[in-house]
Amino acid sequence: MRRVGKNSFTEIYFPGCNPSFIETSDGYVMIDSPQIPLDALKWRERMEEKAPIRYLINTEPHGDHITGNAYFPQVQVVGHIKLQECFDRYLTAFGSIEEKRERMKQTDPDSVWLVGHPDYPPSNPPKLTFTDELTLHLGNHTFHIIHHPGHTAPQTSIHVPEEGVVFTGDNVFYKCRTWLQECDPWEWLAALDQLNALDVETIVPGHGEQCSKAYLKEQAQIIANWVGLVERFVDRGVTPDEALKEPIAVTKQDPYPIGQRLFPHDERLTGLIVRNLHKRILEKKEARA
Ligand SMILES: [Zn+2]
């Protein structure tokens, strides 16, 4: 557990995203949820011993940010309207409950009994939604919840001015590999500019340690590097299949290794990134012509 503000905490050592919480004078606000069921329940117990959890705000639809929502069935879930629409599709993207239970036998045997447990229905999507922005007040804290599409379409940042902190989800990967498998890279770069304009000392990224706004430049460069590489393929008329026959110089685009138990996806991710960016760059080129 890492303190990132006077009353703000994040967990950077869990497999998956950095789930976080803010302790207000009127209860807790969570940002995303722990991916491993037992971690989620232990979190809930620790918090509820002190105060109720008032809100759980999701930053994006990827499984490592939303699967743990199941273990907070009484908590008001907040998220972008598009996240509400696609929640179940993303939740089931990695298989049925039976398949997840089988996988949990490897990931965390102690959590197997909690997968598909009748007290914890797997789908707990946002009920309180917004389109551009939503401000919540709790105790002495303000939560500016902002739509920042980029890494995903419903991507959301949570700015807590009293803490000097913004929680970005995966629009920021701090010194670990950047996932661009479904992003709109131009929206993402615009979102980074908007994050840079916020008056904050601390950024809590989706993965990796907390950082300052100084890192946003480096994050933008990694996105620009990938776009530049794939633009050169598109300009030469090279298809993704042809491009992927040769090894891609991944570390020239993004110097950081993949983290949080995601190494089995390292090579596959390169293919996904090239295909996504190729499609988007080609569409943009054709729209211009
Ligand atoms: Zn993500």
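The values are calculated or read from the model by the stated rules, or taken from the named source; none is laboratory data. These figures come from a predicted structure and were not determined experimentally. In this analysis, Cβ positions are derived from the backbone assuming ideal geometry, glycine residues included, and neighbour counts consider all displayed protein chains. Calculation scope for accessible area: heavy atoms of the full protein, side chains included, ligands and nucleic acids excluded. Shrake-Rupley method; radii C 1.70, N 1.55, O 1.52, S 1.80 Å.
When the residues of segment 156-183 are filtered to those that are among the acidic types (Asp, Glu) and open to solvent by 10 Å² or more (accessible area, probe 1.4 Å), the one that is farthest from the ligand (Cβ to nearest atom) is Glu162.
When the residues of segment 184-209 are filtered to those that are part of a loop (DSSP other than H, G, I, E, B) and free of Cβ contacts under 8 Å to residues at least 60 places away in the same chain, which remaining residue is least open to solvent (accessible area, probe 1.4 Å)?
By that ranking, first place goes to Val200.
Among the residues of segment 75-88, the one identified as more than 16 Å from the ligand (Cβ to nearest atom) and either modelled with pLDDT under 95 or surrounded by 24 or more Cβ atoms within 10 Å (Cβ to Cβ) (or both) is Val78. Among the numbered conditions (1) part of a helix (DSSP H, G or I); (2) at pLDDT 95 or above, the only one that Arg268 does not meet is (2). Note on segment 52-71: residues that are open to solvent by 10 Å² or more (accessible area, probe 1.4 Å) and within 11 Å of the ligand (Cβ to nearest atom) total 3. Considering segment 134-155, and only residues there that are within 21 Å of the chain's Cα centre (by Cα) and among the polar types (S, T, N, Q), the residue that is most open to solvent (accessible area, probe 1.4 Å) turns out to be Thr135.
Given the criterion modelled with pLDDT of 95 or more, within 16 Å of the ligand (Cβ to nearest atom) and of a type outside the set (Gly, Ala, Ser), identify the matching residue among His151, His137.
After applying the criteria, what remains is His151.
Taken over segment 250-286, the criterion of being more than 22 Å from Asp64 (Cα to Cα), open to solvent by less than 70 Å² (accessible area, probe 1.4 Å) and without any contact (Cβ under 8 Å) to a residue 12 or more places away in the chain is satisfied by no residue. All of Glu162, Glu187 fail the test of being closer than 25 Å to Arg2 by Cα and charged (D, E, K, R), apart from Glu162.
Yes/no per residue for (1) at pLDDT 95 or above; (2) more than 15 Å from the ligand (Cβ to nearest atom); (3) within 20 Å of Pro122 (Cβ to Cβ):
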| position | (1), (2), (3) |
| --- | --- |
| Gly5 | yes, yes, no |
| Asn18 | yes, no, no |
| Thr24 | yes, yes, no |
| Met30 | yes, yes, yes |
| Pro37 | yes, yes, yes |
| Pro73 | yes, yes, yes |
| Tyr90 | yes, no, yes |
| Glu98 | no, yes, yes |
| Thr107 | no, yes, yes |
